[in-house]
1. Return the tail of the calculated pair distribution for the range 198-262, meaning the percent of Cα-Cα pairs more than 20 Å apart.
2. Modelling each spin label as a point 7 Å along the Cα-to-Cβ direction, I'd like the Ser40/Asp162 distance in nm, to one decimal.
3. Kindly identify the range 42-124 as rounded, prolate or oblate by the Cα gyration tensor criterion: order the square roots of the eigenvalues as a ≥ b ≥ c, call it rounded if a/c is under 1.5, otherwise compare a/b with b/c, prolate if a/b is larger, else oblate.
4. Multiply the residue separation of Glu230 and Arg132 by 0.36 nm, subtract the distance between their alpha-carbon atoms, and state the gained length in nm to one decimal.
5. To the nearest Å, what is the center-to-center distance of the range 40-107 and the range 198-263, using C-alpha atoms only?
6. Mind sorting Ile109, Ile47 by how few other Cβ atoms lie within 10 Å of their own Cβ, fewest first?
Amino acid sequence: MMTFPRTVSLLAAVSLSLSGFPASADTPGDLSDLVGARGSSGENEMISRGYYNHHTAEADDGKYSYWWNQSKKKCARVLTSDGRYEKIKAVSASDCGQKGSDGDKTAAIAIGAAALIGVVALASKSHHRGDRDYDTRGTADFERGYRDGLYSHAYYNYGRSDAYSDGYSAGVKERGYQTPYRDGYSHNAGYNPYSGYQDVVGHSNDRADSMLRDRGYVYLGKDETGGGHERTYWNAESRQCISVRTSSGNVVDAHSIKARNCR
């Protein structure tokens, strides 16, 4: 006779197998069963398995979130599409702001590229680069283009590098995702004041609140969610409206939302 726990596991496996999002070969083994899970359920499972959300970014094909597991020294990238975990991929520790192990070639390239252009760390992530395998020089060119596009600097591809061109396009596109709160926003618009917020992920609720208030954000209130809260903040100077998701006393996600949510 099948035991109850085994029955539950079997039903869960069948449910995920019918979700239409099969796990790929590069999906971390400890997360493969989450492919196809609903976003809210997946986030709770990620946290229970020792991962915390480093940052989240919007994209054409959905929302990318990067999760770091300190004990395993692993960074996982989750693509959420139509409210479900569509893909989970093991990526370089540098994507989660970590140095990585000695064998992490991608992290070593990222560190070398950052040094070439005189920055502390890369602003672009693996999904911006389309998982292309650039060498150190190519990664540096992409990053320089990405930053120029992100901050509305002039297109300056003095090396006629395809990587710079790709990076510039990715930066311009990312600028659009980061600024949906601006009425009449154009991808060709100049750079406007912008106040960061994604580094509050991983901090306690009180610490995150203090960080945001110091940057000019005003707390507007919160809504109940499954296992946590959605806190809304408004920055009048930069005209940014953001949503901060908390769970078990810590911030697990922060992302921009339309200005009408803060009115």
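Coordinate-derived values only; no laboratory data. Please read these numbers as outputs of a predicted model, since none were measured by experiment. Every residue, glycine among them, receives a Cβ derived from its backbone with ideal geometry; neighbour counts consider all protein chains shown.
1. Working: 335 of 2080 pairs.
Cα-Cα pairs in the range 198-262 separated by more than 20 Å: 16 percent.
2. 4.5 nm
3. Note, shape of the range 42-124 comes out oblate.
4. Working: separation 98, 0.36 × 98 = 35.28 nm, distance 3.47 nm.
Separation in residues times 0.36 nm, less the Cα-Cα distance, equals 31.8 nm.
5. About 20 Å separates the Cα centre of the range 40-107 from the one of the range 198-263.
6. Placing the least packed residue first, the sequence is Ile47, Ile109.
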